[in-house]
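Participant: Can you keep this structure in mind? I'll have questions shortly.
Nothing in this text is a laboratory measurement; each read-out follows from the coordinates by a stated rule. Here the structure is a predicted model, which is why all the values come from computation and not from measurement. Note: ideal-geometry Cβ built from the backbone for every residue, glycine included; neighbour counts use all protein chains shown.
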Amino acid sequence: MLAALADPMRRRILDLVAAKGAVSASALATELPVSRQAIVKHLAVLERAELVASERAGRENNFSVRSGALDATATWMAGLASQWDARLAAIKKIAES
């Protein structure tokens, strides 16, 4: 999932999908400086990472954000940050004594 978010364009696409709700690749293409085909490829990566879900609507797929993977990653990162805070506090205590 983090690899999917490493690309700045994918983060921008995810932000737009989150802001707009269910949105098609064509609609995203009107707001981004890349082709519809490139957006479809980025959305496929985001979908494989379970960051977006697609639903067929006529001839197009509408994409929406799936928060589960983001929530799990945020929880993991918060735990990691807490561990680093504890380690830095221990180093500070040693340095000050």
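Participant: Under a 5 Å amide H to amide H cut-off, with H placed in plane at 1.01 Å, what residues pair with V52 once short-range neighbours are removed?
Facilitator: Close amide H contacts, sequence-distant or interchain: E47, R66.
Participant: Can you tell which of I13, W84, A53 lies farthest toward the positive end of the dipole of the chain, using +1 and -1 charges on the Cβ of basic and acidic side chains (Lys, Arg; Asp, Glu)?
Facilitator: My answer, from the dipole projection, is I13.
Participant: Now for a different question. With N set to the residue count of the chain, report its C-alpha Rg divided by 2.2 N^0.38 Å to two decimal places. Display every interim value, and only then the final one.
Facilitator: Details: Rg = 18.5 Å, N = 97, 2.2 N^0.38 = 12.5 Å.
Cα-based Rg divided by the globular estimate yields 1.48.
Participant: Can you give the charge dipole size of the chain about its Cα centre, rounded to the nearest 20 debye, using +1 on the beta carbon of Lys and Arg and -1 on the beta carbon of Asp and Glu?
Facilitator: Values: 13 positive and 10 negative charges, 33 e Å.
That gives a dipole near 160 debye.
Participant: Based on DSSP H runs of at least 4 residues, each adding -39500 (n - 2.57), what is the mean residue ellipticity at 222 nm of the chain after dividing by all its residues, to the nearest 500 deg cm²/dmol?
Facilitator: Numbers: 5 runs with 65 residues, N = 97.
The per-residue figure over the chain is -21000 deg cm²/dmol.
Participant: Using the beta-carbon distance between A19 and S82 and R0 = 25 Å, what value does 1/(1 + (r/R0)^6) give for FRET efficiency, to the nearest 0.05?
Facilitator: Details: r = 30 Å, r/R0 = 1.20.
Plugging the Cβ-Cβ distance into 1/(1 + (r/R0)^6) gives 0.25.
Participant: Can you work out the Karplus-derived ³J(HN,Hα) for every residue in the stretch 41-48? Use 6.51 cos²θ - 1.76 cosθ + 1.60 with θ = phi - 60°, whole Hz, and x for glycine or proline.
Facilitator: 5, 5, 5, 5, 5, 5, 5, 4
Participant: Report the relative contact order of the chain, percent, no decimals, based on alpha-carbon pairs under 8 angstrom and at least 6 residues apart.
Facilitator: 26 percent
Participant: For the pair I91 and R66, what calculated FRET efficiency results from E = 1/(1 + (r/R0)^6), where r is the Cβ-Cβ distance and R0 = 41 Å, to the nearest 0.05? Mind showing how you got there, number by number?
Facilitator: Working: r = 38 Å, r/R0 = 0.94.
That pair, R66 with I91, gives E of 0.60.
Participant: Here's another thing I want to ask about it. Can you work out the Karplus-derived ³J(HN,Hα) for every residue in the stretch 58-64? Use 6.51 cos²θ - 1.76 cosθ + 1.60 with θ = phi - 60°, whole Hz, and x for glycine or proline.
Facilitator: x, 8, 10, 9, 9, 10, 9
Participant: I'd like the Karplus ³J(HN,Hα) series for the stretch 88-96: coefficients 6.51, -1.76, 1.60, θ = phi - 60°, whole numbers in Hz, and an x wherever there's a Gly or Pro.
Facilitator: 5, 5, 5, 5, 4, 4, 5, 5, 7
Participant: Let me make sure I get this right: for the stretch 3-44, a, b and c are the square roots of the gyration tensor eigenvalues over alpha carbons, sorted descending. Under 1.5 in a/c it's rounded, otherwise prolate if a/b > b/c, else oblate. Which is it?
Facilitator: Cα axes put the stretch 3-44 in the oblate bin.
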